[in-house]
1. Can you name every one of the helices (runs of 4 or more DSSP H) wholly within segment 143-238 that holds 3 or more residues which are modelled with pLDDT of 90 or more and open to solvent by less than 70 Å² (accessible area, probe 1.4 Å)?
2. Can you say whether V109 is among the β-branched types (V, I, T), open to solvent by less than 50 Å² (accessible area, probe 1.4 Å) and farther than 24 Å from E212 by Cα, as far as the supplied structure shows?
3. Could you list all residues from segment 239-294 that are at pLDDT 90 or above and closer than 21 Å to D170 by Cα?
4. Scan segment 43-84 residue by residue and report those that are more than 22 Å from the chain's Cα centre (by Cα) and open to solvent by less than 10 Å² (accessible area, probe 1.4 Å).
5. So P49 fits all but one of (1) out of contact with any strand residue (DSSP E or B) (no Cβ under 7 Å at 6 or more places or on another chain); (2) assigned to a helix (DSSP H, G or I); what number is the exception?
6. R26 fails exactly one of the following numbered conditions: (1) surrounded by fewer than 18 Cβ atoms within 10 Å (Cβ to Cβ); (2) in a helix (DSSP H, G or I). What is the number of that condition?
7. If V400 satisfies all but one of (1) of a type in the set (A, V, I, L, M, F, W, C); (2) in a loop (DSSP other than H, G, I, E, B); (3) more than 23 Å from R62 (Cβ to Cβ); (4) at pLDDT 95 or above, what's the number of the condition it fails?
8. Which one of these does D242 not meet: (1) more than 30 Å from D348 (Cα to Cα); (2) crowded, with 23+ Cβ neighbours inside 10 Å?
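The values are calculated or read from the model by the stated rules, or taken from the named source; none is laboratory data. The structure displayed is predicted, hence computed values, not measured ones. Don't worry about glycine lacking a Cβ; one is built from the backbone with ideal geometry, like all the others, and counts go over all protein chains shown. Accessible surface is based on the protein model in full, side chains and every heavy atom, while ligands, DNA and RNA are left aside. Shrake-Rupley method; radii C 1.70, N 1.55, O 1.52, S 1.80 Å.
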Amino acid sequence: MDHAADVPDVFDPRIYAAGIPHERYRLLRERHPVARQAEPEIQGWPAGPGFWAVTRHADVVRVLRDHRTYSSWLGATQIRDPDPADLPFLRRTMLNQDPPEHGRLRRLVSRAFTPARVDAFAGRVRERARALLAAARQDAEDGAVDLVRAVTDEYALLNLTDLLGIPAADRALLLEWTVRIIGYQDPDDAPAPLIGPDGTPLNPRSPALLGEMFAYARELADHKRTHPGDDVLTALAGAGLDPAELEMFFFLLTVAGNDTVRSAAPGGLLALAGAPDAYRRLAQGSVPFDRAVDELLRVHPPVLSFRRTAAVDTELAGRSLRAGDKVVVFHASANHDERVFTDPGRLDLARTPNPHVSFGDGPHVCLGAHFARLQLRILYEEWCAAMPVPELAGPPRRLVSNFINGITRLPVRVSGRPG
């Protein structure tokens, strides 16, 4: 374990409630690009053996691309070690698999999640953005609303459930499951955790706590087989998946698919509120929206970290890693690496090239990236057309999490003429 006084902690999820710890990341990139991190007990979650934090862009990409050396299957992809009894269950999802098994499942779901199917929903996505923004202006108190509750949570959730083909009456279930599973480190954002017989909290991703979601997935898949539609779940229900694979796809798509945009959309608007000149250039048409979306994703990646496990003894950035070591990449640090991005602290909506890793890299690059970009582009286009320059009406609240870069409150002024 590194004992140098200048090795900052980037594990404690409470750090992230104050914002992305860019200065800590910078120190790690400069002095300890692959640094040992302690993993103490926090908020009842048990201590772990520690891990290697990878913070430079080149090293992050190397880890994400080299599945033979850095495995998703060995220990799954969350920093904390799963219960050994849960590991076989967690390995059913392609997120926690390595090629070639991962490739088989990814090909199956890719056939259901085609760009053409996604693009067919663009008109509906735009109508929803317009309706939610108009309602936010109408319902504002003293000219301000919490954009997370008024716009972005609904926007992300309803767009995804349209694409998946989930009945309107069931959509609140998805948000409930997402909050429970994603926000579990935040005592104010998630329900109180259930405590296991050993007195420690139960992992919300354990099979014991996902029974309701899986039962719903099976029931909905049966319904789609007899009442097919032009949606992703109809395609998955007929894709030849075994029941366990179908359940885990449903888990991955509903939780990860929802939270990507649920985190990125308010994060992008927060970044624009802090850079009014950049926003005006965007609103005036001086910057392409597609390029702006990628820059906003660079400065506010939806996911902060992902874990791999060393499959063999290896070396990374001069550090000797042993087989079985946890290796955790930090996306927001890689996205601000001065070796790759000129003036990384500046919001440059026209930045090109922009090789951010906000959607990962390698075999696990985000399957829903096209749908996420489409939703973000349309939301920002509609904001620029109908809303004033984004201006905070109070402090934002960030999710307590070292995994998801969430915004749970974003008070913004919505009265006034479009800027």
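1. Where helices (runs of 4 or more DSSP H) fall fully within segment 143-238 and carry at least 3 residues being modelled with pLDDT of 90 or more and open to solvent by less than 70 Å² (accessible area, probe 1.4 Å), they are 153-164, 211-226, 232-237.
2. no
3. Selection gives T260, V261, R262.
4. G50
5. Every condition holds for P49 apart from (2).
6. Going through (1) surrounded by fewer than 18 Cβ atoms within 10 Å (Cβ to Cβ); (2) in a helix (DSSP H, G or I) one by one, R26 breaks only (1).
7. The single condition V400 does not satisfy is (4).
8. Single failed check for D242: (2).
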